[in-house]
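Some notes on the structure that comes next.
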Amino acid sequence: MASRTTASPGARTITSLSESDVAAGILPRLRTIVDEAPDAIAIADDSTELTYAELAAQAATTLSVLRRALDSLEPPLTPKGAAEFGSGEVVGMLFGHTTQAVVALLAVLASGHPVLVLDHRTPPARLRQFVERAGMRVLLADKARQPMARELCRPVIVPPRDVRRTSADELWANMPDPTSVAALAFTSGSTGTPKPVANDHRLFVRDAWNSSIASGCYGADDVIAHTLPIAFHAGLTTTVHGLLVGATMRLYDARERGIEPLPGFIAEHACSVMITSPGILRGFIASGPDPDLLTSLTSLTIAGETAYGRDVEAARKILPENCVLRNRYGSSETGLIAEYVIDNAHGELVGQLPVGRGVGRTECTVVDAEGNPAAPGVTGRLEVRAPNLAMGYWGLPEITAESFTQTAEGTCAYRTSDLGRMDAAGNVTIVGRADHSVKIRGYLVDPGEIDAALFALPQVREAVVVGAKHPLDDRNRLIAYVVPRRTGTDADAIRSALRTALPTHMIPEAVVFLTSIPRNDRGKIDRHSLPEPPPPAPVGGVGDVSEWEEIVAHHWAEVLRVERVGLEDDFFALGGDSLTAEAIVTRMIEDLGVSPEVARTATLAEHRTLRAFARSLQGHPGKPRTALVTLRATGSKTPLFCVAGGGGLGIAFQPLTARIDADRPVYALQSPVIESRGLPEISVRQMARRHVAVMRSVQPHGPYNLAGHSFGGIVAVEMAQQLQEAGEQVAHFIVLDSFPPDPKQHPPLEPSLIRGLRMIAAVVWTATRNTSGGIGAYRFWEQSRWLGHCYHGRSWGGKTLVLVADSPQREERSAWDGCLHGQWRKVDVGGDHITMLRQPFVDEVAEHVNTFLASDEVPTETDQSAAGSDDTDQSPQVLR
């Protein structure tokens, strides 16, 4: 970028920071600022303002004192980590958020020794770990923190206040090697032991150029509202960046003063730039700031943790129209990596925000497990390449070698622990960390995705999800820690809301409500300090549970492998699926003597909580509609009726229902004798007539939406024909991996009269006895194969979507061209014949179904037509 000059408040022009300044390091660039704008205000706190000349003079005084202390140290300087990076003694700092801290920081940077900035709010025991790990023996501190400093290290140097020298020459004498370590920054430790990262002088200048000039965020004419503690690495870099640009920094200690006075502070000092975290931003918005106090802001930068659209949208309502928001992403190992820019022309933001694209010459790549670039939308590890990165981890050469490499092009590469995905435009979204992933019921779950779903709920202010071992066995479970927006928020309501957005295995087993999320000394979420979840409450919670509910709860707990079950716990939220539903129903019939007419998987689908299910089993209803399973009864859109396959249960469509548009009722149709008693159907047409009658008892007239899985697709197409003959409209017809209604496309049957008679006898015997969910399913499946071979369907002319799974019979299940003469589309989906309706494959199926049901017509570029259908003859044809 070409050099230019900018005006600093109350001073002459300053040569703009440029990429060419990187090689020389921090001190030469700072000397340029002091020489060109000595009287410009550099830094200010509540009681003190320092110009650049005054800052340099006071730093020179502190440097003199520091050098004398370093010279007096015995034995010779051999701190841990010095040899590998060629650096000297580590010098610590323990200050408040004041100008004194900036003076001390500049003095240490000029000394050529690495600086380690400590936070006085961190517990002393943890600070001692940092001191010992860095091998630190000299500590600068202000007077208020001198007692704490003496517990950590000797000697402790308290720099004199307000000493104004006439010359800063000592600051520029013997300027440090730009390739030496400028600062140590301990990682947050949120995922393990904190590691000290070594940053050299060049990285600070590169990072300053990226953060201000390359991104166009701010320059010398800006006033920065500096709210981040200097002990945070983001606060340290903000301080150095502001000095290297020549801006004015107004220090605001949010931890001491609170959030409410901040808007007045911004207005008083005409701050144009605010740099903060999403957590502080949420508090800032919640304080209800007067927008008239924020009119000077032109840039608001957030960084440090995941940001969400609702927080940014709330901020946009109170910020001036010309204020640009930047969601930034970086690390101690890299400096600023990427940013996502939101100006007044940007559309409304929802959900988790992207972190955007690489800034300056930084490149971001998402790689798969083999280290190859991942396709757009695919999750993988994030790799960063840039001209300057951290030197490595202080005293940890093996970990440094694993994490940092040099590329053939001469740049540095760092492999983060962050998981991300990149869209087609190159914007990266961070979805979690590789070291946070946990396996739940065979699925690898990233808790970050659940965090994002929780933040999308209006009743949640903040949340974090972690994986932990169950106290009773060795299985993993998910625990959500939630800060609610209002009192009285219910854990079951949280889980119920999540169920509309997430698969069952990603629903947290426990929800723990907190007043705030614990954070460590770096402001990051401290997972080690999250409280243990309380033991599950007894069933009913207050002693109002009946003996019958207690008995049913015992069976639920055993089948679902949970410690206890509450009265309002949802079977599916606890991890239930079609297989465990069948197990529950079997126990109800065989162990508790419940009538098969009442104990059905359909009952569990309609009465999902323990209380409702237990009460439904005690009732004495009339003859149930055993063919109908109500999966979702509410919604204003046209219902969807799903026909189960041979031997299949309607409850198997529950995962699909959870992902269907929430405003659309969904019902399933199954054989009326699979969970009850009666004579079995003897033909596809008879099955279709029964299903149509049940369906019309719910929805008397069309238009109808029909879907059929496996053999249910054949039954559904016959239902469509019968409805059309009755003068009703079928708006959408969906085939879910079914053979077409053409026996020539079906796998051949073994022709045997004796085998056929045995099959009929077995089906009749099964259908006329008390059968629980799924018992005898194989016999009904075998019957469906025979009925399919006996059925010669007519060609269907309605709008149709054919979804074909990845199975050995894909070709045969795709052969619908001769059976459809209207507008239709075929799509191949993941999963096999059964798992296409289960996680994770059902997500893709649901996406296609939702799109199809919402559309007025199938996309023309993928339309297919039966051979010879040229609109001259659209009459149905019997398939022979």
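The values are calculated or read from the model by the stated rules, or taken from the named source; none is laboratory data. The shown structure was predicted, so the numbers you read here are calculated from the model rather than taken from an experiment. Note: ideal-geometry Cβ built from the backbone for every residue, glycine included; neighbour counts use all protein chains shown. These area figures cover heavy atoms from the full protein model, side chains too; ligands, DNA and RNA do not enter into them. Shrake-Rupley method; radii C 1.70, N 1.55, O 1.52, S 1.80 Å.
Taken together, A208, A198 contain a single residue that is modelled with pLDDT under 95, open to solvent by less than 10 Å² (accessible area, probe 1.4 Å) and not in a loop (DSSP other than H, G, I, E, B), which is A198.
Can you find, within the stretch 241-292, the residue that is farthest from I213 (Cα to Cα) among those that are polar (S, T, N, Q) and in contact with an Asp or Glu (Cβ under 7 Å, 6 or more places away or on another chain)? If we take residues in the stretch 241-292 being polar (S, T, N, Q) and in contact with an Asp or Glu (Cβ under 7 Å, 6 or more places away or on another chain), then S287 is farthest from I213 (Cα to Cα). Here A731 meets each of (1) surrounded by 15 or more Cβ atoms within 10 Å (Cβ to Cβ); (2) at pLDDT 90 or above with one exception, condition (1).
Entry remark, the stretch 296-337: residues being in contact (Cβ under 8 Å) with a residue 40 or more places away in the chain, β-branched (V, I, T) and over 16 Å from C217 (Cβ atoms) number 3 in total. Does the stretch 262-270 contain any residue that is among the small types (G, A, S), out of contact with any Ser or Thr (no Cβ under 8 Å at 6 or more places or on another chain) and free of Cβ contacts under 8 Å to residues at least 24 places away in the same chain? Taking every residue of the stretch 262-270 in turn, none turns out to be among the small types (G, A, S), out of contact with any Ser or Thr (no Cβ under 8 Å at 6 or more places or on another chain) and free of Cβ contacts under 8 Å to residues at least 24 places away in the same chain.
S72 meets each of the listed conditions (1) closer than 23 Å to L27 by Cβ; (2) modelled with pLDDT under 90 apart from (1).
Which ones in the stretch 28-63 are part of a loop (DSSP other than H, G, I, E, B) and closer than 22 Å to G235 by Cβ? A40, D45, D46, S47, T48 - these are the residues of the stretch 28-63 that are part of a loop (DSSP other than H, G, I, E, B) and closer than 22 Å to G235 by Cβ. Of the residues making up the stretch 112-122, one or more are open to solvent by 10 Å² or more (accessible area, probe 1.4 Å), at pLDDT below 90 and touching a helix residue (DSSP H, G or I) at 6+ places or on another chain (Cβ under 6 Å). Are any residues in the stretch 788-812 open to solvent by 20 Å² or more (accessible area, probe 1.4 Å), part of a helix (DSSP H, G or I) and in contact (Cβ under 8 Å) with a residue 12 or more places away in the chain, and if so, which ones? Answer for the stretch 788-812, where residues must be open to solvent by 20 Å² or more (accessible area, probe 1.4 Å), part of a helix (DSSP H, G or I) and in contact (Cβ under 8 Å) with a residue 12 or more places away in the chain: H789, C790, R810, E812. Where strands (runs of 3 or more DSSP E) fall entirely within the stretch 360-441, those with at least 3 residues that are buried (at least 20 other Cβ atoms within 10 Å of the Cβ) are at 363-367, 380-386, 412-422, 428-433.
Going by the conditions given, is G351 open to solvent by 20 Å² or more (accessible area, probe 1.4 Å), in contact (Cβ under 8 Å) with a residue 60 or more places away in the chain and under 26 Å from C412 (Cα atoms)?
no
Exactly one residue out of V438, V483, V466, V378 is over 14 Å from Q352 (Cα atoms) and at pLDDT 90 or above: that is V483. Among the residues of the stretch 169-176, are any modelled with pLDDT of 90 or more and within 18 Å of T237 (Cβ to Cβ)? Within the stretch 169-176 (the criterion being modelled with pLDDT of 90 or more and within 18 Å of T237 (Cβ to Cβ)), the answer is yes, since at least one residue qualifies. Of everything listed in (1) at pLDDT below 80; (2) farther than 26 Å from V684 by Cβ; (3) crowded, with 17+ Cβ neighbours inside 10 Å, the single unmet condition for A846 is (1).
Just one of the listed residues (L139, L184) is part of a strand (DSSP E or B), touching a Cys at 6+ places or on another chain (Cβ under 7 Å) and at pLDDT 90 or above, namely L139. Figure legend. Inter-residue proximity from the stretch 694-721: first residues touching a residue at least 24 places away in the same chain (Cβ under 8 Å), second residues acidic (D, E) and open to solvent by 10 Å² or more (accessible area, probe 1.4 Å), beta-carbon distance below 9 Å, spacing 6+ or different chains. Indicated pairs: H701/E728; G702/E728; P703/E728; Y704/E728. In the stretch 443-458 there is no residue that is open to solvent by 20 Å² or more (accessible area, probe 1.4 Å), assigned to a strand (DSSP E or B), in contact with a helix residue (DSSP H, G or I) (Cβ under 8 Å, 6 or more places away or on another chain) and modelled with pLDDT of 80 or more.
Answer yes if at least one residue in the stretch 776-792 is at pLDDT 80 or above, in contact with a helix residue (DSSP H, G or I) (Cβ under 8 Å, 6 or more places away or on another chain) and not β-branched (V, I, T), and no otherwise. Taking every residue of the stretch 776-792 in turn, at least one turns out to be at pLDDT 80 or above, in contact with a helix residue (DSSP H, G or I) (Cβ under 8 Å, 6 or more places away or on another chain) and not β-branched (V, I, T). Scanning the stretch 341-356 for residues that are out of contact with any Phe, Trp or Tyr (no Cβ under 8 Å at 6 or more places or on another chain) and outside any loop (DSSP other than H, G, I, E, B) yields V341, I342.
Kindly evaluate L27 against the criterion of being touching a residue at least 40 places away in the same chain (Cβ under 8 Å), over 22 Å from V359 (Cβ atoms) and open to solvent by less than 40 Å² (accessible area, probe 1.4 Å). When the stated conditions are applied, L27 passes them. Whenever a residue of the stretch 381-392 is without any contact (Cβ under 8 Å) to a residue 12 or more places away in the chain, it has no partner that is among the polar types (S, T, N, Q) and open to solvent by less than 10 Å² (accessible area, probe 1.4 Å) lying with C-beta atoms less than 7 angstrom away and at least six residues away or across chains.
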